[in-house]
Amino acid sequence: MASNLATKCLLPLAIFAAFSMAGPARAGLFDDSGARQQIDELKRELNGRMETVSNGQLDLASQNEELRAEVARLRGQVETLLNEIESLKTRQHDFYVDLNSRLVKFETNAQSTAASASGGAASGSYESALNFLKEGRPSEALSEFNTFIGSHPESDNLPDAYFWAGTAALQTKDVAAASKHFNAVLSRWPKSSVAPDAMLGLANGQIAIGDQRNARRTLNSLIERYPSSDAAKTAKQHLAAR
């Protein structure tokens with residue numbers, strides 16, 4: 001009887017102890033599940049971030065490739081522009097060399113023919129215009145030549161005056177005025193000694209405005225019409241360089 005009583009008394013204690021021990025184990029099970037859930041969430045977040053970084057790297061690589069292509073294109077344009085600038089410098093240098101040589105060639109002739117022009121005023125006007133041109137003052141030279149042309153329509157220097165007026169206009173970048181004066185020489189005095197140079201000046205004006213097709217046509221016409229002239233030799237050089 002005492003034994004049964006002891007058993008009844010100890011049973012609740014055993015049950016309580018069993019629940020007490022099971023409690024921490026169950027809590028540990030709940031904690032492990034939550035940790036795994038957090039780990040899964042972290043994995044998903046990490047994977048998302050890695051995917052974002054990967055996509056960003058792909059985008060960056062694509063942008064870098066586009067940038068390289070753009071840089072290469074710009075470098076090509078720069079090289080082309082530099083070549084065009086060098087070509088323009090060469091043509092400008094050749095033009096001024098031709099101009100100086102023509103000035104020297106025509107100066108003696110101009111001085112001798114100016115004496116036979118209509119009056120000392122005509123001679124002075126023509127000579128002063130030439131001096132302006134030699135001094136690098138093309139605007140003043142153009143104005144003076146135009147004055148001479150308008151005041152002395154019968155002068156023997158008129159073809160030369162038109163030619164030098166066209167040359168002065170070309171130096172001031174007034175290509176329209178230059179072409180007008182050069183064409184006047186070619187239409188009115190095609191056999192003048194300045195006619196080949198006037199045609200060369202006409203081609204130079206066309207080159208200056210980028211009219212390459214007509215410039216080439218004018219240079220070829222110059223060679224055909226005045227094959228033995230110095231201007232024709234210069235025209236051949238221009239065509240060979242193009």
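We did not get these values from a lab; they are worked out from the coordinates using the rules stated. Keep in mind that what you see is a predicted model, and the values were worked out from it rather than measured. Positions of Cβ are generated from backbone atoms using ideal geometry, with glycine treated the same way; all protein chains shown enter the neighbour counts.
In this simple spin-label approximation, A69 and R225 carry label points 7 Å from Cα along the Cα→Cβ vector, and these lie 5.1 nm apart.
When each of the peptides 144-157, 227-240 is scored by how many other beta carbons lie within 10 Å of its residues on average, the order from highest to lowest is 144-157, 227-240.
Students often check this: by mean Cβ neighbours within 10 Å, which of 64-75, 164-175, 204-215 ranks highest, and how do the rest follow? Walk me through the intermediate numbers first.
Values: 64-75: 10.0, 164-175: 23.1, 204-215: 16.8.
Output ranking for 64-75, 164-175, 204-215: 164-175, 204-215, 64-75.
Inter-label distance, R188 to Q77: 4.7 nm, where each label sits 7 Å from its Cα along the C-beta direction.
Computed from label points 7 Å out along Cα-Cβ, the spacing between T172 and T147 is 1.3 nm.
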